[in-house]
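Taking it in order: structure first as structure tokens, then the write-up.
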Number of protein chains: 2
Amino acid sequence: MSKEDVGITVSKKDDFSEWYTQVVLKAKLADYAPVKGLIVLRPDGYSIWESLKNTFDKKFAKNGIRNGFLPVLIPESLLGKEQKHFAGFNPEVFWVTHSGTNEIGDRLALRPTSETLAYTLYSKWIQSWRDLPLKINFWNTALRAEIKATKPFLRTSEFLWQEGHTVHTTQEEAEKEVMKILEIYKNTVEEELAIPVTTGKKSEKEKFVGAVYTTTMESIMPDGKALQMGTSHFLGQNFSKPFEVKFADKDNVEHFAWQTSWGVSWRLIGAMIMAHGDDQGLVLPPKVAPTQVVIVPIYKNDEGRDKVIPKVKEIQEKLESKDIRIQVDDRQGLSPGYKFNDWEMKGVPMRIEIGPKDIEKQSVVIAKRYNREKLNLEFNNIEKIITILDEIQKNMLENAQIQSKENTKNILDYAEFKSKIEDGGFFNAPWCGKLECEEKIKEETGADIRVIPFGSENTDSKCIYCGEQSQSVPVFARGY
Amino acid sequence: MSKEDVGITVSKKDDFSEWYTQVVLKAKLADYAPVKGLIVLRPDGYSIWESLKNTFDKKFAKNGIRNGFLPVLIPESLLGKEQKHFAGFNPEVFWVTHSGTNEIGDRLALRPTSETLAYTLYSKWIQSWRDLPLKINFWNTALRAEIKATKPFLRTSEFLWQEGHTVHTTQEEAEKEVMKILEIYKNTVEEELAIPVTTGKKSEKEKFVGAVYTTTMESIMPDGKALQMGTSHFLGQNFSKPFEVKFADKDNVEHFAWQTSWGVSWRLIGAMIMAHGDDQGLVLPPKVAPTQVVIVPIYKNDEGRDKVIPKVKEIQEKLESKDIRIQVDDRQGLSPGYKFNDWEMKGVPMRIEIGPKDIEKQSVVIAKRYNREKLNLEFNNIEKIITILDEIQKNMLENAQIQSKENTKNILDYAEFKSKIEDGGFFNAPWCGKLECEEKIKEETGADIRVIPFGSENTDSKCIYCGEQSQSVPVFARGY
Ligand SMILES: [Zn+2]
Ligand SMILES: [Zn+2]
């Protein structure tokens with residue numbers, strides 16, 4: 001295999017889109033399935049999802065949320081019960097029309113999202129205030145037919161996600177839940193994936209179909225485009241009324257309940273690849289890396305091997321006992337250089353090199369993946385690796401924060417906006433709140449309102465488009 | 001609500017099928033979805049699945065198996081590539097024919113099982129011996145249209161399961177893997193769910209379509225019927241040839257690989273409900289119980305409450321620190337009797353009652369769910385609860401083993417077989433190995449060969465049907 005076949009053949013800077021696809025495939029995170037629009041996760045890719053899942057599960061559980069299971073098939077009649085919601089999803093729904101050779105009367109949709117199904121059940125399960133709050137999360141997939149080119153983790157017709165659905169006795173409690181979830185999303189993405197996010201509300205135009213309002217977290221990707229990282233919706237009573245999710249209160253009077261729904265998907269993995277990867281391949285934050293440390297023993301003959309391997313095993317065992325996820329690459333017939341490239345492609349956060357000379361010097365060479373820095377570490381200090389991994393995690397977030405800040409501009413003049421939008425990035429620009437201005441800006445620049453950051457409301461600037469009194473300073477950007 | 005609404009209204013002995021359904025629904029494990037054949041898991045039901053999943057994941061990981069993700073849609077052309085396999089599943093396949101309003105050319109099947117999809121990918125991923133063994137497991141659902149009445153966990157058109165798919169360089173290694181997995185299945189079901197199983201091979205007639213042979217584990221349910229608890233298949237090269245799963249060996253010669261596939265489903269939860277439940281509801285083995293211990297404080301007034309609650313909290317904290325999953329039921333306005341029934345219905349393995357008198361005596365009352373035994377435990381000995389839970393787990397398995405033994409008969413005479421089959425149970429009966437006898441027995445008694453136990457081969461008895469030299473002593477039984 002020539003070097004071109006193994007390594008990434010384009011640079012991240014020159015051809016971001018092709019670079020991304022090559023990283024996904026060559027780091028063996030995912031592959032294309034035989035059906036257009038669908039992908040498969042290989043173990044290294046799925047392991048990152050499992051790591052996120054575990055983190056979310058712990059935080060959800062602390063917040064009183066438990067997991068359940070919903071089937072993938074929803075009857076057409078049920079999906080159509082909340083009309084606006086249905087209209088929003090209808091064009092992308094996969095329809096099951098036959099089982100074996102039998103035609104199915106009421107066609108079955110593959111779940112694009114589960115509000116209608118979950119709330120049909122909730123209306124049966126909830127009778128009194130004693131049954132509330134009801135908070136259930138579902139780890140499943142959603143299916144929405146994509147007609148544009150497949151992009152692993154970012155644009156696929158089936159995607160892994162979690163969808164949470166909670167029910168409350170009061171509006172206040174439900175709205176608190178919306179914010180609590182958004183907070184969990186934000187700190188998980190920042191702490192685990194080392195990606196900074198901006199949180200706030202979606203505009204009316206961009207909110208979830210059926211929600212009263214949608215809160216969101218958005219990130220800037222290195223190519224200047226915005227990516228929606230997760231959303232948490234306040235549904236009010238928009239679903240509880242058609243689905244009759246009602247409860248008898250302590251005074252025995254019946255009320256419609258207040259609801260929320262929220263989700264993040266494997267798109268977060270796509271964001272992580274884009275945010276941190278480089279021309280050598282994937283770069284993984286230590287917290288979610290399936291392998292955090294790889295040891296490459298280096299020797300030329302059996303004598304060298306006998307010197308090196310016992311120490312390698314000792315270090316491996318010591319770090320394993322500290323719950324470091326470690327691998328030793330003692331594959332025969334492959335050069336150290338080949339192995340270095342291989343593990344760099346896979347994004348393993350730290351490499352340890354040990355040869356006979358290192359044994360003499362009683363130290364190892366450590367190479368950090370994210371900045372390619374090398375340093376020597378004495379055998380006696382080997383446990384410092386735990387601290388170094390923590391530092392890597394922290395530094396990766398700081399670097400991403402700096403990049404993010406550089407790509408964010410406060411802007412008051414529409415002509416300047418139009419001239420700079422081509423370069424990408426987040427544009428904080430005052431807005432009057434009218435749909436008309438939002439649509440005109442989209443039409444003329446390709447930029448949407450990604451998020452109206454919390455605290456940016458009620459400004460006394462002028463709308464960047466119409467010059468009227470502004471209501472907020474949303475983030476405008478072109479998106480994925 | 002009247003007592004009838006809350007409790008189980010039939011006895012396990014008199015109407016097993018109705019009893020089962022009531023336990024599932026009233027213990028709030030699952031509910032029916034709006035589409036016939038589909039069910040939903042509520043948090044208590046899903047939690048049992050999560051517990052099994054965690055146990056299997058740990059054992060799989062130790063065995064070098066990692067998890068991946070496969071999409072639910074498989075093109076018809078691909079599913080048909082291994083003809084016998086396809087014919088086996090074809091009548092139960094759900095077909096997707098449209099996305100939005102567009103008709104799809106090559107219809108898409110909802111995965112009935114993933115061999116064809118996985119092996120299409122494996123053939124791309126595997127080039128050399130270095131890539132083997134490849135061992136990936138997928139936690140997903142399978143979809144097979146059920147026309148018979150829905151039975152939660154036992155007969156549904158979509159079910160949660162895991163399917164593992166491994167690839168090896170040699171036949172020997174693959175066959176070892178088949179047995180290793182069956183062993184993991186057996187010890188997990190026995191140790192976690194307290195259900196004894198009989199392991200062995202399926203007959204040619206009953207094996208997985210496409211396998212060289214199928215190994216299985218089977219259990220007797222209290223109604224005398226057999227339940228298949230899990231299967232592990234040796235696929236030989238039956239799939240590697242049509243799907244071109246090939247590898248270059250060290251000598252650079254290409255070979256077809258040797259494969260296995262294996263799975264268990266949420267049917268295991270159904271088996272657990274049947275094996276242990278009683279007329280008061282569900283009975284959970286402690287290891288998989290979402291709540292292992294419930295404390296019911298008993299008091300009549302605020303004075304009593306002030307006496308009891310501090311001790312309740314102390315016990316709760318002590319046991320939580322030992323990783324016991326514990327809940328306190330201090331709901332107001334519900335009688336202790338109501339609460340007892342409620343937690344018994346849910347199958348919580350142990351209840352602790354504490355009232356003011358117990359405080360005086362410095363002890364609590366403990367009630368075991370599985371045998372309804374009560375005992376006193378002094379405050380000082382409260383950590384003994386951990387041991388008692390272990391004993392409950394052990395005793396539940398022993399009881400199930402005794403039941404199983406009672407329901408197993410060695411039989412040499414066909415007339416006796418026919419007269420006793422109506423009572424149910426496992427019948428160990430010698431068999432010549434011919435399909436004809438197997439089919440005749442099925443026709444005349446309704447009993448299948450469930451499993452040919454390991455070690456029962458090469459007997460010198462006479463076939464119970466034709467009187468010829470027997471080859472083995474299979475377990476015959478009527479099944480689910
Ligand atoms: Zn305006
Ligand atoms: Zn015979």
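Readers should treat all values here as calculations from the given coordinates under stated rules, not as data from a laboratory. Note that the coordinates shown come from a computational prediction; the quantities given were computed from them, not determined experimentally. Methodologically, a virtual Cβ is constructed for each residue, glycine included, from the backbone with ideal geometry; neighbour enumeration extends over all protein chains shown.
Some notes on this structure:
- Between helix A:171-193 and chain A: long-axis angle, C-alpha atoms, 0 to 90°, nearest 10: 20 degrees
- Rounded to two decimals, the Cα radius of gyration of the protein assembly as shown over 2.2 N^0.38 Å is 1.01.
- Percent antiparallel among DSSP beta bridges (both partners in chain B, rounded to 5): 80 percent
- Reducing the range B:27-97 and the range A:19-84 to their Cα centroids gives an inter-centroid distance of 15 Å.
- Nearest 10 degrees, 0 to 90: helix B:43-62 Cα axis against chain B principal axis: 50 degrees
- Placing R0 at 30 angstrom, the Cβ-Cβ distance between residue A:383 and residue A:406 gives a FRET efficiency of 0.25 after rounding to 0.05.
- Summary value for chain A: 14 percent relative contact order, contacts being C-alpha pairs under 8 angstrom separated by 6+ residues.
- For residue B:81, inter-copy label distances in nm, listed shortest first [label point 7 Å out on the Cα-Cβ vector]: 4.1
- Ranked packing of A:337-350, B:455-468, B:227-240, most packed first, by mean Cβ within 10 Å: B:227-240, A:337-350, B:455-468
- FRET efficiency, residue A:187 to residue B:459 (Cβ-Cβ, R0 51 Å, nearest 0.05): 0.20
- Over the range A:16-276, Cα pairs under 8 Å with separation of 6+ residues give a relative contact order of 20 percent.
- Residue pairs, from the table A:53/B:84; B:148/B:205; A:205/A:462; A:59/B:58; A:58/A:148; A:202/A:250, whose Cα atoms sit over 27 Å apart: A:53/B:84; A:58/A:148; A:202/A:250
- To the nearest ten degrees, helix B:302-321 and the longest principal axis of the Cα atoms of chain B are 30 degrees apart.
- Each peptide among A:415-428, B:425-438, B:170-183, B:111-124 gets the average number of other Cβ atoms lying within 10 Å of its residues, and from highest to lowest they stand as B:111-124, B:425-438, B:170-183, A:415-428.
- Ordering of A:247-255, A:127-135 by packing is A:127-135, A:247-255, highest average first (other Cβ atoms within 10 Å, averaged per residue).
- Summarising the label geometry, the points placed 7 Å from Cα in the beta-carbon direction at residue B:309 and residue A:422 lie 6.9 nm from one another.
- Once backbone amide H atoms are built at 1.01 Å from N, residue B:264 has B:162 as its partners under 5 Å, excluding neighbours fewer than 5 places away on the same chain.
- 3J(HN,Hα) couplings calculated from phi for the range A:353-369 with the Karplus curve 6.51 cos²θ - 1.76 cosθ + 1.60 (θ = phi - 60°) are, in sequence order, 10, 9, x, x, 5, 5, 4, 4, 7, 6, 8, 10, 9, 10, 10, 8, 5 Hz; Gly and Pro show x.
- Under 5 Å from the amide H of residue A:292 lie the amide H atoms of A:325, A:326, each residue being 5 or more positions distant or on a separate chain, with H modelled from the backbone and absent for Pro and chain starts.
- Cα shape, the range A:85-162, gyration tensor, a/c 1.5 rule: oblate
- Residues A:364, B:10 in ascending order of nearby Cβ atoms (within 10 Å, fewest first): B:10, A:364.
- Karplus (6.51, -1.76, 1.60) ³J(HN,Hα), θ = phi - 60°, over the range B:265-270, in Hz, Gly and Pro reported as x: 10, 5, 3, 4, 5, x
- Label sites at residue A:394 and residue A:436, each approximated as a point 7 angstrom past Cα along Cα to Cβ, lie 5.3 nm apart.
- Alpha-carbon Debye profile of the range B:156-309, log10 I(q)/I(0) at 0.14, 0.15, 0.21 Å⁻¹: -0.79, -0.86, -1.28
- In the assembly of identical copies, residue A:100 has its label point, taken 7 Å from Cα in the direction of the beta carbon, separated from the corresponding points by 3.4 nm (ascending, one decimal).
- Whole-angstrom gap from the range B:387-463 to the range A:277-321, using each part's C-alpha centre: 53 Å
- Residues in the range A:74-82 carry Karplus couplings, in order, of 10, x, 4, 4, 6, 4, x, 5, 9 Hz; the curve used is 6.51 cos²θ - 1.76 cosθ + 1.60 with θ = phi - 60°, and Gly or Pro positions show x.
- Global geometry of chain B, whether rounded, prolate or oblate, following the gyration tensor of its Cα atoms and the 1.5 cut on a/c: prolate
- Cα gyration tensor shape of the range B:16-276, rounded if a/c is under 1.5, else prolate or oblate by comparing a/b with b/c: oblate
- Peptide B:31-37 is shielded by partner chain Cβ atoms: per residue, an average of 6 of them sit within 10 Å of its Cβ.
- For peptide A:130-141, the mean count of partner chain Cβ atoms within 10 Å of a residue's Cβ comes to 2.
- Using a 7 Å Cα-to-Cβ projection, residue A:256 label spacings across copies, nm, ascending: 6.2
- Number of partner chain Cβ atoms within 10 Å, mean per residue of B:152-165: 1
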